[in-house]
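Comments concern the structure below.
What follows is calculated from the coordinates using simple rules that are stated; it is not laboratory data. Just so we're clear, the structure is a prediction, and the values are computed from it rather than from any experiment. Here Cβ is always computed from backbone atoms with ideal geometry, including for glycine, and neighbour counts include all displayed protein chains.
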Amino acid sequence: MGYTALYRKFRPITFSELVGQEHITKTLRNQIMADRVGHAYLFNGGRGTGKTSSAKILARAINCLNPKDGEPCNECEICRGAINGSLTDVVEMDAASNNSVEDIRSIREEVNFLPTKAKYRVYIIDEVHMLSPSAFNALLKTLEEPPEHVKFILATTEPQKLPATILSRCQRFDFKRISNEDIIKRLKIVCEESQIEITEGALNIISTLADGAMRDALSILERCVQDGNNKIDEDKIKDLVGIPKIIFVHNILDAIIEYDIDKALQTMDEILNQGKDLNNFLWEMIKYVKDILLFKVSGKAQLYSPDEIKNIEVIANKTQKEKLVYFIYELSSLENDIKWSTQKTIVFQAGMIKLCSKDIGIGSSIEERVEKIENYLKAGKSVSAPVTTVVNTTEALKANTYQEKQSISNNINQTKNVRETGSSLNIKSYSKDIKKSWPQIVNDLKQNGKIVLYTNLVNTSAEEINDMTVGIKFTKGLTAFGKAVLQKQENIKEISTMVSMACGKPMQIKYILEDKNNSTDNKPESDIERLASQSDIPLNIID
């Protein structure tokens, strides 16, 4: 006899053996015992949750010669014939490969004949959502009023693709995602009967990878014993499915938190050299960050060894909850980018380097900067490196609402307080006279790496028009390219923030083009649209 896969060898043959679907099996057994079996059923649920197995058990139970408590005996002639496939009264059809109207018409012709041996002729149509529209139409009348000796059991993973007319003619049962606990219990039974030695950690990993599908769990288990060694541990599973060891995940996350690009690149090289699957690695990273976040909130970390919990505690102590949430979003976005990219390695490396950058995300937030300053002051130390600005430019002047102006005022007051309390703190300050401080502001833009802004503002001057507005004069005019760059919203925010710092209060900016006797307010959309309409070719501006 040929080899039988584990998921087929251990397929449930009674309702009691079905895992995690007690709400369905109890109802079906009660219907069988009360002889109130419907004419059409729809089994809906994710892959590997027991839909087809339940359909086969139900087909045997309603035809069994010696049923007991709604269960098939699996010993009578009918049950044995259904199990070994010799019973022609139980028909299984895969709609993925038999989805034409001719296939359904053949069923319509067969239903008029009485069963050969069994009490009912049962049609099990798997992946029924794959039927063509004409096939559904051909099935409608037969499904609504079949002969008394015919039962239909439809199975699908996507019930939303079925016509409402089909759904209304069936008793619908929704199969739940199987819990990790139920998967582990079933795996222990399978391992005991198959003489497989497996650790608790390995069982936890398999149940997590299965993602609620018992068939997937058994397939992973089977792959682990294909080498002839019936001993399974965590490392064997991780090597088999391409999951990196947790130490690699920890090291690269630690490098990201420390902004250590060299360490991150070194760890990435080790991962890539071992041929690990990048999607699996990102999945592990997201899960690891999530577990650190839960540890930071609850102090609990399940499925980790004592040494791994110590590593988790180290990272939890030196990062904030907001940053961990930010990492989860960024890693999820990177995982999606890799999924659709043809250059997966390059996208992965670029994403990791981006996360290591201090200038991206919340790593340079005002809270962290103020916290660092406070720590220095408490320790009685001075800051040797000058702090150019304390205001977080990614949050300043997003709009002209009262709340945001108030936020800028608070940031300015924080800067003043730092200047007053930290005499040893070397902070760049601007003259409140915007005419005098403007050259320094332009030069600081250059020092901050804003070269494009600097080159467009180097020959300009500034003056306070009123209590709320500073005008920036372009005595030598402004090119179309420079105008488009300066009208970008992020650049307006950058300049407005530094001007507000100099003036000591929230200020707006206004561009004044003296050579054209006109001015432009900060409305980037209208100017860019005007520029595009005057051009014969598309224009992409990269800052």
field: Those GluC sites (Glu not before Pro) in the stretch 19-126 that DSSP places in a loop and that have at most 13 other beta carbons within 10 Å
entry: 75
Under the Karplus curve 6.51 cos²θ - 1.76 cosθ + 1.60, θ = phi - 60°, whole-Hz ³J(HN,Hα) for the stretch 184-199, x wherever Gly or Pro sits: 5, 4, 5, 5, 4, 5, 4, 5, 5, 6, 9, 6, 10, 8, 9, 7
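So if we plug the beta-carbon distance of residue 47 and residue 448 into 1/(1 + (r/R0)^6) with R0 = 51 Å, what FRET efficiency do we get, rounded to 0.05?
0.45
To two decimal places, what compactness ratio does the stretch 1-156 give when its Cα radius of gyration is scaled by 2.2 N^0.38 Å? The partial results should precede the final answer.
Details: Rg = 15.2 Å, N = 156, 2.2 N^0.38 = 15.0 Å.
Compared with the compact-globule rule of thumb, the stretch 1-156 sits at 1.02.
Taking R0 as 30 Å, what's the FRET efficiency between residue 235 and residue 92 from their Cβ-Cβ distance, rounded to 0.05? Before the final figure, lay out the partial values.
On the way: r = 40 Å, r/R0 = 1.34.
Efficiency, from the Cβ-Cβ distance: 0.15.
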task: Run the quick spin-label model on residue 317 and residue 479: label points 7 Å from Cα toward the beta carbon, then report their separation in nm to one decimal.
output: 5.5
message: Under 5 Å between amide hydrogens, which residues at least 5 positions from residue 448 or on another chain qualify, with H placed 1.01 Å from N in the peptide plane?
response: none
query: In nm, to one decimal, how far is the modelled label at residue 455 from the one at residue 274, with both set 7 Å along Cα→Cβ?
result: 4.5
task: Would you mind computing, in nm to one decimal, how far apart the modelled labels at residue 161 and residue 132 are, each placed 7 Å from Cα along Cα→Cβ?
output: 1.5
field: Modelled label reach - residue 9, point 7 Å along Cα→Cβ, the stretch 234-259 residues with backbone N closer than 20 Å
entry: 237
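Given a Förster radius of 22 Å and the C-beta distance between residue 346 and residue 259 as r, what FRET efficiency does 1/(1 + (r/R0)^6) yield to the nearest 0.05? Can you show the working numbers first?
Details: r = 21 Å, r/R0 = 0.96.
It comes out at approximately 0.55.
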message: Could you compute the net charge surrounding residue 122? Neighbours are other residues with a C-beta less than 11 Å from the C-beta of residue 122; K and R count +1, D and E count -1.
response: +3
task: Note down the magnitude of the dipole of the stretch 94-169 about its Cα centre, charges +1 on Lys and Arg C-beta and -1 on Asp and Glu C-beta and zero elsewhere, to the nearest 20 debye.
output: 260
Long-range amide H partners of residue 507 with built H, under 5 Å: 500
- prompt: When we measure straight from the Cα of residue 276, which lysines land under 19 angstrom away, once same-chain ones fewer than 8 places off are left out?
  reply: 236, 238, 245, 263, 287, 339, 344
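What do you get for trypsin sites (Lys or Arg not before Pro) in the stretch 266-346 restricted to DSSP loop and a cutoff of at most 14 other Cβ within 10 Å of the site's Cβ? List each step's numbers first, then the result.
Values: sites: 276, 287, 290, 296, 300, 310, 318, 321, 323, 339, 344; in loops: 276, 300, 318.
Listed in order of number, the matching sites are 300, 318.
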task: Compute the length gained on full extension between residue 329 and residue 287: take 0.36 nm times their separation in residues and subtract their Cα-Cα distance, giving the result in nm to one decimal.
output: 13.9 nm
